Structure formats: structure tokens, C-alpha cells
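See below for the structure under consideration.
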Amino acid sequence: DHGTTAFVYDTASGGGGGGATATITAKHVIQTITNASAGEFDFDSIPAGYDRLIIEGFLRGDVSAISDNVRIFFNADTTLANYHEQASLAINNANSSAEATSSSRISFVPAASSPANSYANISIVIEDYDGSNRKGALSSTYSMYDTAATLVGFFGVKSSITDAITRVRIRTDNHATDQLLGTLTLYGEKQTTLGGGTPTPVDNATTPYTL
């Protein structure tokens, strides 16, 4: 469940080390959501203190079409006018780009008319989520969304929100009529410096470092 494992190695010469330190970047699982029945993904209790948030997993839509668009929303703000999207796509050896105001599209996923068991692999990064800058997210995705059609896409979403992010929602662009299947895991990532010595496993089921 909620835990992180890291290995710290002493790089000091001469064997015993003693006092050597290592800086690591650790990913801590905040929450995993699996939708076996179609729905949205609502990460609604995000703690402060990490350097960034990362969301990783796989998604598929349930609409009767080969594909569906996926949106991201921060906190309680689902007003599209407060978001702006940029996208760069490669679809079957053809490149394209897109820009849209009043849009928070963060991915493009297979849907019910795509081949069975076809999901989009997705990774989303949200920097400075608990700072005072305008909040945004950057994603990468790969999927097969038709019998032979594949897509690689990069999506950037910027918002007018400056409050700390405590909630992230992932849903289709026609929520709640159309929904999502799959699994997403939300991580908090933080760089931390730990003391060295001999190779030492750091493993704690709650938190292995001080935030």
C-alpha cells in the first residue's frame, strides 16, 4: 500500500564509509484507483510536501467509439475556461499538433469499439503542485485505438489556479455519460539525502524519509 523502498550505497573509498551520504529521488505511493466498472478517477486527499506529483497507469473509455478524450481537473475547478491545452501527436506515421483554449485534455484513449484489452499507457507529471505558481500538467501516452491504428501523444495543460493542489480528477470529456476503465496510481516524488555506510535498504510501510 503506502510505502517506498530505496537502496542507499556508500560511495566513499576505503571500505567502511561512515558519514557518506547519498541523494535519491523517491516515489511514494499516495493512492491507487482501479476502475473495474467504468467511472472517473478522483484523487481527493493529496498531502503537501513532495517536489511533484506523478500519475501513471492505463486507461480505456466505455463510449461506443474507437477512442475518447480524457480531461484533468484540479481541486474543485471543473470550469473549462480556466484551462488551456497544447498537444503534439504522432498517429500512424503522421504528425499533428493541437491547441485549444477552454480545454483540459490530458490524454487520448481507446474506447469500446477498439480491439479488446487495448488500453492507453499514460504518465502525468504535475510540478510545484503545492506552490503558488499557476498549476499545470504534462503527459505522455501510447495506445492502439483501432484495429491497426497507434498513437503516441504529448499533452500539456495549464490552468489559472494558483492554490495548492489537494485534489486531481481524471475523467472523459463527456462525463458522466462516458466513463473510464483501468488503473491509475498517484505518487509523490521527493529528492532527499540519506546517510551512507554499507549498502542499506530503507523500507518502511509508512514513510521512509522526513518530508
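The values are calculated or read from the model by the stated rules, or taken from the named source; none is laboratory data. Note that the structure is a prediction, hence the values are computed from the model and not measured. Here Cβ is always computed from backbone atoms with ideal geometry, including for glycine, and neighbour counts include all displayed protein chains. Side chains included, ligands, DNA and RNA excluded: accessible areas come from the protein's heavy atoms. Shrake-Rupley method; radii C 1.70, N 1.55, O 1.52, S 1.80 Å.
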**OP:** Once you have the Cα-Cα distance between Val152 and Ala76, take 0.36 nm times their residue separation minus that, and quote the gain in nm to one decimal.
**Re:** 24.4 nm
Subject >> For a label point 7 Å along the Cα-to-beta-carbon line of Arg167, residues of segment 55-76 with backbone N under 15 Å >> reply: 72-76
**OP:** Could you tell me what percent of the accessible area of segment 38-109 is made up of carbon and sulfur, with a 1.4 Å probe and every protein chain present?
**Re:** 45 percent
**OP:** Using per-residue counts of other Cβ atoms within 10 Å, averaged over each peptide, order 57-65, 171-179, 82-90 from highest down.
**Re:** 57-65, 82-90, 171-179
**OP:** Express in whole angstrom the spacing between the alpha-carbon centres of segment 169-198 and segment 113-158.
**Re:** 12 Å
Subject >> Full-extension gain in nm, Ser97 to Gln191, via 0.36 nm per residue minus C-alpha separation >> reply: 30.5 nm
Subject >> For segment 44-155: rounded, prolate or oblate by the Cα gyration tensor [a/c cutoff 1.5] >> reply: prolate
Original post:
Of Ser88, Asn75, Leu53, whose Cα points farthest to the positive end of the dipole of segment 42-91 (charges on the beta-carbon: +1 Lys, Arg; -1 Asp, Glu; origin at the Cα centre)?
Top reply: Ser88
Original post:
Tell me, in nm to one decimal, what length is gained between Ala90 and Asp128 on full extension, where the rule is 0.36 nm per residue of separation less the Cα-Cα distance?
Top reply: 10.8 nm
